[in-house]
Amino acid sequence: MRRRGFTLIELLVVIAIIAVLIALLLPAVQAARGAARRMQCVNNLKQFGIALHNYHDVQGCFPHSRGLSTPAPNFPATATFSGFARLLAYMEQTQVFNTINFDLLPNAPDNTTTQATAVAVFSCPSDPQVQIPAGEAPVNYRFSEGSGILFTYGPSDAGSGANATMPPPDGVFFSVSRTTLAEIRDGSSNTSAMSERLKGDFSNAISTPATDLFLPRTFPATPDAAVADCLATDVRTLGTQGVSTQGSPWLAGSTSCVVGHGDTPNGRSCMFPPGRILNVASSTHAGGVNVLLCDGSVRFIKNAISRDVWRALGTRAGGEIISSDAY
């Protein structure tokens, strides 16, 4: 009588073949998913580009990136809100925009619901989800503040304090800025408007350089000094470990709304006294970050880009000559 069915060896061979096929297909599936997430991230930035130009058409300028830490003379409470709050009405988020009371501070009781509202277009799907503090909502995109060190002026950011002598930001977006397209003399296609920045994990424990702000005790006055001091920081030393609260909240105009071009993408970010910050663009996309240019286009910028070219992309009127194949 003829035997039917498989032998154990035949079954094991079939299982082995299936396992090999899965092993071959899995990287391709993961790559396809990664490409889809990256494309969604690109689409998010393109929506920001459309919103920025619509805002400029109506208001005659681009919005500021961040506001003041507190109201100051000539700058009311409305100046403490971020550029994200300003753009909501121009990116089909009118219902969220209408919940904001601009006569009060962002963290006022009347604005707590808005501050905790997550806006889908503000988040890159490739950035891992983390537990955001209660009452806050995250953002993965940042306004480009320029080629140098980001900083705050003092208690009201109105021109006093230890950073009052620092050179002003040379990017398109900064504290209470009102930059026009005509002022972007380097050309809108050669000037960065926004980039990605990974959220922290909000643990304030040792984490990864791409997400946290580390804490050297130096006082750098130039981007080169800031990069050198930041890279020299031992992140294992108590007192220089990272502040992992980057990326929240989006409503208030803080340094969680801005990124600088002091160092190339996915480098280390640091916070120096007194309020000087090297905040570097970062993402989980393989090899670089997505960048929105001021003409509304989105480019993928590699981590290996020349630091000089990267800084040139951050300035609005630096006069640098950038070839199209340099980035």
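Please identify the pairs in which a residue from segment 52-70 that is closer than 17 Å to Ser192 by Cα and modelled with pLDDT of 95 or more has its Cβ atom under 9 Å from the Cβ atom of a residue that is surrounded by fewer than 18 Cβ atoms within 10 Å (Cβ to Cβ) and among the hydroxyl-bearing types (Ser, Thr, Tyr), counting only partners at least 6 apart or on another chain.
Matching pairs, first to second residue: His56/Thr180; Cys61/Thr180; Phe62/Thr180.
Can you say whether Asn266 is in contact (Cβ under 8 Å) with a residue 12 or more places away in the chain, surrounded by 20 or more Cβ atoms within 10 Å (Cβ to Cβ) and part of a strand (DSSP E or B), as far as the supplied structure shows?
no
Scanning for something within 15 Å of Met194 (Cβ to Cβ), at pLDDT 95 or above and surrounded by fewer than 19 Cβ atoms within 10 Å (Cβ to Cβ), does segment 80-100 turn up at least one residue?
No, the conditions are met nowhere in segment 80-100.
How about segment 260-310: which of its residues are touching a Lys or Arg at 6+ places or on another chain (Cβ under 9 Å) and acidic (Asp, Glu)?
Asp263, the sole residue that qualifies.
Of the residues in segment 219-241, how many are at pLDDT below 80 and in contact with a Pro (Cβ under 8 Å, 6 or more places away or on another chain)?
Counting residues in segment 219-241 that are at pLDDT below 80 and in contact with a Pro (Cβ under 8 Å, 6 or more places away or on another chain) gives 4.
Restricted to segment 197-215, and to residues that are in contact with an Asp or Glu (Cβ under 8 Å, 6 or more places away or on another chain) and either closer than 16 Å to Asn290 by Cα or buried (at least 21 other Cβ atoms within 10 Å of the Cβ) (or both), which residue is modelled with the highest pLDDT?
Result: Leu198.
Take segment 104-126 and flag every residue that is of a type in the set (Val, Ile, Thr), part of a helix (DSSP H, G or I) and either under 20 Å from the mean Cα position of the chain (by Cα) or surrounded by fewer than 20 Cβ atoms within 10 Å (Cβ to Cβ) (or both). Steps first, please.
Of segment 104-126, the ones of a type in the set (Val, Ile, Thr) are 112-114, 117, 119, 121.
Restricting the remaining residues to those that are part of a helix (DSSP H, G or I) gives 112-114, 121.
Within segment 104-126, Thr112, Thr113, Val121 qualify.
Within segment 170-196, work out how many residues are more than 23 Å from Ala326 (Cβ to Cβ), modelled with pLDDT of 85 or more and in a loop (DSSP other than H, G, I, E, B).
5
Restricting to segment 274-316, give me the number of residues that are surrounded by 21 or more Cβ atoms within 10 Å (Cβ to Cβ) and basic (Lys, Arg).
3
Regarding segment 143-153, can at least one residue be identified that is in a loop (DSSP other than H, G, I, E, B), of a type in the set (Gly, Ala, Ser), closer than 19 Å to Asp308 by Cα and modelled with pLDDT of 85 or more? Talk me through it step by step, then tell me what you get.
Pass one, segment 143-153, residues in a loop (DSSP other than H, G, I, E, B): 145-149, 152-153.
Going one step further and asking which of them are of a type in the set (Gly, Ala, Ser), we end up with 146-148.
This time we only want the ones that are closer than 19 Å to Asp308 by Cα, so: 146-148.
From the residues that got through so far, the ones that are modelled with pLDDT of 85 or more too are 146-147.
Scanning segment 143-153, I find at least one residue that is in a loop (DSSP other than H, G, I, E, B), of a type in the set (Gly, Ala, Ser), closer than 19 Å to Asp308 by Cα and modelled with pLDDT of 85 or more, so the answer is yes.
Determine the pairs where a residue that is within 13 Å of Glu145 (Cα to Cα), located within segment 310-326, has a partner that is buried (at least 24 other Cβ atoms within 10 Å of the Cβ) and of a type in the set (A, V, I, L, M) with Cβ atoms under 7 Å apart, the partner being 6 or more residues away or on another chain.
Within 7 Å, the pairs are Arg316/Val172.
The values are calculated or read from the model by the stated rules, or taken from the named source; none is laboratory data. Treat the numbers as computed from the prediction; the structure is a model and nothing was measured. Note that we place each Cβ from the backbone using ideal geometry, even for glycine, and neighbour counts take in every protein chain shown.
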